[in-house]
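A short worksheet on the structure shown next.
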Amino acid sequence: MSDPNDLKAFWNDAWAHLAQGVADGTSPARYPTFATVGPDSVPQARTVVLRGADRTAALVEVHTDIETDKVTALRHTPMAALHIWLPAADLQIRLTARVEILTGAQVDAAWAQVPVTARVSYGTQPVPGTPIAEVHAYEKPADRSRFAVLKCQLTQMDLVHLDVRHRRAVFAAQDGWQGRWLAP
Ligand SMILES: Cc1cc2nc3c(=O)[nH]c(=O)nc-3n(C[C@H](O)[C@H](O)[C@H](O)COP(=O)(O)O)c2cc1C
């Protein structure tokens, strides 16, 4: 194990877990909880799939249907929090991000990478969250125009490691991600 007092190593560990989440469907980092604030100021949280993680650009990426409540929330307040708990590593990762909603020609390359069988995740009729008369009264056509990439530009990362002595650090874009230790 690396030096527990090494902030940079702690940061690198977190990014390695995020990269693993993108690559490996069995990693708990694959399924962050993605939280937004609704137009009514009520917090909302849901599971998403982590589709991209770029340490250099401090970006993570999520795909969604533009007709979901999370997109409505992000149009109102373009900030999100992502939460990941990695039980085997005893590590909690919390990310705060400013989110840009990309659609149309901006997402051509991402759409091309979505397997045909997965494209039905974008286009449910009636739109997600609509009351329906019975349990299966909906269709799932693939609708390219409903596909969105949520480009999450990180503003902060908070890490808690339940080591023998717990460790907590916060890293912020504002100071170039140098990081500092916090009381856990
Ligand atoms: C394991 C799992 C993975 C999911 N992945 C996504 C995803 O990548 N993008 C997404 O929009 N919804 C995903 N969902 C569905 C959301 O959790 C949520 O039910 C849906 O997006 C509607 O959320 P909203 O109305 O709060 O926006 C996933 C659900 C589960 C259980």
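No lab work stands behind these numbers, since they all come straight from the coordinates. Because the structure is a prediction, the values reported are computed rather than measured.
Results, tabulated for the structure shown:
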{"quantity": "Over the chain: Rg over Rh, Cα atoms, Kirkwood Rh", "calculated": "1.01"}
{"quantity": "Cα-based convex hull volume of segment 78-184 per residue, rounded to whole Å³", "calculated": "178 Å³"}
{"quantity": "Kirkwood Rh and Cα Rg combined as Rg/Rh, segment 52-103", "calculated": "1.02"}
{"quantity": "Degrees, to the nearest 10: 7-23 long Cα axis against longest axis of the chain", "calculated": "30 degrees"}
{"quantity": "Under 19 Å from Lys8, Cα to Cα: lysines that are on another chain or at least 8 residues apart", "calculated": "none"}
{"quantity": "For the chain: relative contact order, % (alpha-carbon pairs under 8 angstrom, 6 or more apart)", "calculated": "21 percent"}
{"quantity": "Gain on full stretching of the segment that runs from Trp181 to Arg98 - 0.36 nm per residue minus C-alpha separation", "calculated": "27.5 nm"}
